[in-house]
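Structure first, then comments.
The values are calculated or read from the model by the stated rules, or taken from the named source; none is laboratory data. All values derive from a computational prediction rather than experimental measurement. Heads up, the Cβs are rebuilt from the backbone with ideal geometry, glycines too, and the neighbour counts pull from every protein chain shown.
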Amino acid sequence: MSRQYITTAIDYPNAAPHMGHVLEKVLADIMARWFRLRGDSVRFQVGTDEHGTKIQRTAEKEGKSPQALVDQNVQLFEELYTKLHISYDNFIRTSDKQKHWPTVQALWTKLEEVQMLEKRSYTGLYCSGCERFMAARDLEDGICPNHKVAPEEVTEENFFFLMSKDTANLKKLLTSDWDGETYRIIPSSREKETLSLIEQGLEDVSFSRPVSSLTWGVPVPSNDNQTMYVWCDALTNYISGLGYFTDHEDRSFWDDATVTHVIGKDIARFHALIWPSMLKHAGVRIPDQLLIHGFLTSEGEKMSKSLGNVVKPNDILEKFDGNPDPIRFFLSYEIPVGNDGDFSWDRFEKLYDAKLRNAMGNLLNRVLVLIQKEGGNIRIPDSPSDSAQSAEDWKVFSSSMDAFNLHSALAQAMKLVDVLNAAIDTTKPWSMEGEEKVVLLSRFAESLRHVALMLLPFMPDTAKRMTEQLGVSYADRMLDKDFVITEQMQQFGGQNDWKAVGEPSILFMPLT
């Protein structure tokens, strides 16, 4: 059994979660579910990045303590991820002094011991929105491209992480290996972007700020006048969740697992450059792969309160009576991994009606109603052609999922739905009688069983409801974390104990 450790970026809870958080968590959840379904042992971690000047300033404006602010907002993230059926195993918070801080401070000490940290005076351009110092080349006409404001000029005495020492090593890591280790960036186009940053020359990174500028954060263990800056604090969550450098550390999901970080392209450079350099100098192995997704726009424009085009996750859930599967489907079907995507209410509703309600929901209902009219029993024939096609479908589907090509895998499942719709209209089973009719309808039901299994990582609740209506015995176990899609389940006619279908019900309600 393979081990998989999949993580997402930890979210900044200075405000309620937005659609970018939804895109990332759904992507990571689909992969975590797929790893489990193929029989891997999985640890899936999410969390919140709760320190920094932005939190400190927001709390001051709202007249509350930083801890009160993050406690209030972190609850919003946890509630949303529950609603979205994000199947995480651990939620890490950087304000957690018991679970997070010991690892962070131990890592800092290790970097200091190998002389990778240096205290120096520094004047730079600081963007509070990005929580980082920026070089002139990072700006557009003197403005931060992400937050559309000019950064502040700040002079401080900080500790710096000497990443410039590792320019050659990091280039080796991303192109061949660094001391036998490699770090795969997915998609490959993002790897080229990161290499271009190395070619421009790597600079040392500010790792702390004076307490006079930042009080809300992890104290630097060797200096009471300094507070850790975002990167050592935030990036370390991936190993603090495993108890690294403490008396309760469990390295089995790091040293003996495939480690995959799922992040957005705006923080790719920190994960591809700073993080592996930190780990290497602390004596911890480098992760295996970095899965980078794009941004989500709204109606072709960046989501902005001033433009009035911000899409709120809870508004989408309310539109579908709390069912998260339509938005999980839309994000997976419309946006190939690594690409930017656009949310359009019109496109969303059209896809829902065409693909989910009409193509899939109506097909399932038609097949079940016709079988019930014949007594509800099924007789799946021994069909070499169906068996061969099913085997090929699963081979292609599994390969796409394993390669993080989720868009293609979901498109394949929906193509099978289209093929079945065309076939039922061509064969007209309602015009048949007797054994011929039952056998044909049973073949349709069996194909829908396979569709439901393929949809399980993407739309877990829908897949379970489909399987319940079909009457397959494993339906009640499909959402268990130890449920595995076996070879027998992938075989056409592989469920010998399946003798009758259940009662049909509406899978997707019409939009009002």
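Some observations on this one:
- The sole residue among Leu125, Leu107 that is in a strand (DSSP E or B), in contact with a Phe, Trp or Tyr (Cβ under 7 Å, 6 or more places away or on another chain), buried (at least 17 other Cβ atoms within 10 Å of the Cβ) and in the same structural domain as Pro145 (by TED's automatic domain parsing) is Leu125.
- Close pairs from the range 144-162: first assigned to a loop (DSSP other than H, G, I, E, B), partner aromatic (Phe, Trp, Tyr), Cβ under 9 Å, at least 6 apart: Pro151/Tyr126; Pro151/Phe133
- Condition met for Arg38 (under 19 Å from the mean Cα position of the chain (by Cα) and basic (Lys, Arg)): yes
- Subset of the range 163-213 (residues that are surrounded by fewer than 19 Cβ atoms within 10 Å (Cβ to Cβ), acidic (Asp, Glu) and assigned to a helix (DSSP H, G or I)): Glu193, Glu199
- Test: Trp231 is touching a helix residue (DSSP H, G or I) at 6+ places or on another chain (Cβ under 7 Å), within 21 Å of Asp11 (Cα to Cα) and of a type in the set (Phe, Trp, Tyr): yes
- Qualifying residue in the range 418-432 (condition: under 27 Å from the mean Cα position of the chain (by Cα) and buried (at least 18 other Cβ atoms within 10 Å of the Cβ)): no
- When residues in the range 308-359 are screened for being aliphatic (A, V, I, L, M), assigned to a helix (DSSP H, G or I) and either within 24 Å of Ser189 (Cα to Cα) or assigned by TED's automatic domain parsing to the domain that holds Val262 (or both), 1 of them pass.
- Every pair of residues 6+ apart whose Cβ atoms lie under 7 Å, when the first sits in the range 120-135 and is over 19 Å from Asp49 (Cα atoms) and among the small types (Gly, Ala, Ser) while the second is modelled with pLDDT of 80 or more and in a strand (DSSP E or B): Ser121/Glu157; Gly124/Val154
- Residues located in the range 433-473, provided they are over 30 Å from Ser87 (Cβ atoms), in contact (Cβ under 8 Å) with a residue 24 or more places away in the chain and buried (at least 16 other Cβ atoms within 10 Å of the Cβ): Lys437, Val438, Val439, Leu441, Ser442, Arg443, Phe444
- Which numbered condition Asp141 fails, given (1) in contact (Cβ under 8 Å) with a residue 60 or more places away in the chain; (2) loosely packed, with under 15 Cβ neighbours inside 10 Å: (1)
- Exclusive hit being touching a His at 6+ places or on another chain (Cβ under 7 Å) and in a loop (DSSP other than H, G, I, E, B), set Gly243, Gly217: Gly217
- Check on Lys305, farther than 29 Å from Gln45 by Cβ, charged (D, E, K, R) and not assigned by TED's automatic domain parsing to the domain that holds Thr175: yes
- The requirement of being more than 27 Å from Ala16 (Cα to Cα), free of Cβ contacts under 8 Å to residues at least 60 places away in the same chain and among the polar types (S, T, N, Q) is fulfilled nowhere in the range 339-348; no residue meets it.
- Residues of the range 43-75 that are within 23 Å of the chain's Cα centre (by Cα), hydrophobic (A, V, I, L, M, F, W, C) and crowded, with 22+ Cβ neighbours inside 10 Å: Phe44, Val46, Val70.
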